[in-house]
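Since the structure comes first, as structure tokens, the remarks are kept for the end.
The values are calculated or read from the model by the stated rules, or taken from the named source; none is laboratory data. As the structure is a prediction and not an experimental result, all values here were calculated from the model. Counting neighbours? That spans all protein chains shown, and the Cβs are built from the backbone with ideal geometry, glycine included. All accessible areas refer to the heavy atoms of the entire protein, side chains included, with ligands and DNA or RNA removed. Shrake-Rupley method; radii C 1.70, N 1.55, O 1.52, S 1.80 Å.
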Amino acid sequence: MTSQSSTPIPVASRVAGFTYAIRNIVGEAQKVEATGVRIRYLNIGDPVIFGFKPPIHLIEAVERAMRDNHNNYSPSPGIPSAREAVAADFTARGLPTAADRVLITTGTSEGIELALNALANPGDEVLVPMPTYPLYTAVLAKISAKPVFYRLDPARNWQPDLEEIRSLVTRRTRALVVIDPNNPTGSVYPTETRRALLELAGRHGFVLLADEVYGDLAYDGPVPPMAALDPDAPVISFSSLSKAYLAPGWRAGWMAVGRSARLDDLMAALRKLADGRLCSPVPMQYAVTAALTMDRSHQVALRADLRARAEVTVRRFNTMPGMSCVAPIAAFYAMPRVSLPAGRTDEDFVLGLLRATGVLCVHGSGFGMAKDGGFFRVVFLASPVELEEIYDAVAGFTERFLSA
Ligand SMILES: Cc1ncc(COP(=O)(O)O)c(C=O)c1O
């Protein structure tokens, strides 16, 4: 006889609100793959799976750290050399930063999660762009805080509408998320917009969370950190080795909290929360020091590679009947739009494309867009030759989809 019941172990209700389209759609792709179709994974922004490699001196820094037995826990905010390197890098980019305002994190993702946990109580509101990078809504679902979406306008190169953002501020607004340069649109905001967003945060007393993970990947050269425009504004800046240093699997990132005394309590709260996870992976913290103090000439070639891929992407989507695409000027994402027949959704298009061609994109509604808007995100890290081939398949499918 067994004393084991077969009643399922209950899971917490917060999980029901947690979705992550970029990963969720992979399950569907695996089913298609099982039927023998080759999948082209244009769903996730990982340069390494497309052949890009981190600079060798970063690999050596990690290897050396392991051999020198830096396999211990570090202080929870990070090793001093990495915190100092982050502070010096921000300072060199026009944002005076002290090392004691820096935390080394397990990727930008952990920094964002720490910040939202430190800021928002259940029911509090966080202004989030639409389309958004889905981590924000996922974390807010976990902590029972509320995303309030502000639109990025494809008719204006995916810029935010400042008036709309102002109208969405309430007593419960705790933070404004700004992703600049942007995923999923590839846009960069003009200085006046950045200045206005900083001013809004300062005036209303909420924090601007500046997600700057693509800051070095604007095709015309690095974009300065937003807070350089006003180092006294209430800003936390986030970045990592994942994109511009081509090491997403290392999970190495950082956050810098603005110098304003208004942020002192928040800094203390972040440190307290950071203590609870002990530290981020220590050998990779040595790579943060190396990345920010040594040669970064690989980024010149990387930006040129991305520009070339963006050009192919925009040319091809803007010449497909029924399709249009705003030109990205940073990062490796584009958000084309297909003019959906009545009654069809962006997910119908993306799943149809996947099943017919093996090309895996993410539907716009996975980033918070309306299901009938026809937007979907393409990650264009494959080589230009391969992209041409992929876009041939997309064009063929689109023609059939629109004429069905
Ligand atoms: C806008 C944005 N923020 C954060 C992240 C997460 O980056 P990390 O690997 O540093 O956690 C990504 C990854 O794609 C991203 O696009």
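General remarks:
- Each Lys and Arg Cβ is given +1 and each Asp and Glu Cβ -1; about its Cα centre, segment 217-265 then shows a dipole of about 240 debye.
- Above-threshold pairs, the threshold being 29 Å between Cα atoms, out of LYS53/LYS272; LYS142/LYS243; LYS142/LYS272; LYS31/LYS146: LYS53/LYS272; LYS31/LYS146
- Comparing VAL169, ILE179, ALA210 along the charge dipole axis of segment 137-282, the residue lying farthest to the positive side is VAL169, per the Cβ-charge model.
- Between the listed residues GLY111, THR193, PRO160, the Cα displaced farthest toward the positive end of the dipole of the chain, a dipole computed from Cβ unit charges relative to the Cα centre, is found at GLY111.
- Normalised by the number of residues in the chain, the average gap of Cα pairs under 8 Å and 6 or more apart makes the relative contact order 23 percent.
- Mean residue ellipticity (222 nm) of the chain, computed from DSSP H runs ≥ 4 via -39,500 (n - 2.57), nearest 500: -12500 deg cm²/dmol
- Helix 80-92 axis versus longest C-alpha principal axis of the chain: approximately 70°, rounded to the nearest ten.
- A full extension of the chain between ASP153 and ASP68 corresponds to an added length of 25.5 nm, given 0.36 nm per residue minus the alpha carbon distance.
- The chain - percent of accessible surface contributed by carbon and sulfur, probe 1.4 Å: 54 percent
- Average accessible surface for the chain: 42 Å² per residue, computed with a 1.4 Å probe over protein heavy atoms with every protein chain in place.
- Relative packing of 178-184, 259-265, which averages over residues the other C-beta atoms within 10 Å, highest first: 178-184, 259-265
- Charged side chains reduced to their Cβ positions (Lys and Arg at +1, Asp and Glu at -1) give segment 244-302 a dipole of some 100 debye around its Cα centre.
- With Cα atoms, 0 to 90° folded angle of helix 56-67 axis to the chain main axis: 50 degrees
- Once both labels are positioned 7 Å from their Cα atoms along Cα-to-Cβ, the gap between ALA301 and SER260 label points is 4.2 nm.
- Stretchable slack from THR293 to SER6, in nm (0.36 nm times residue separation minus alpha-carbon distance): 97.6 nm
- Degrees, to the nearest 10: 264-275 long Cα axis against longest axis of the chain: 80 degrees
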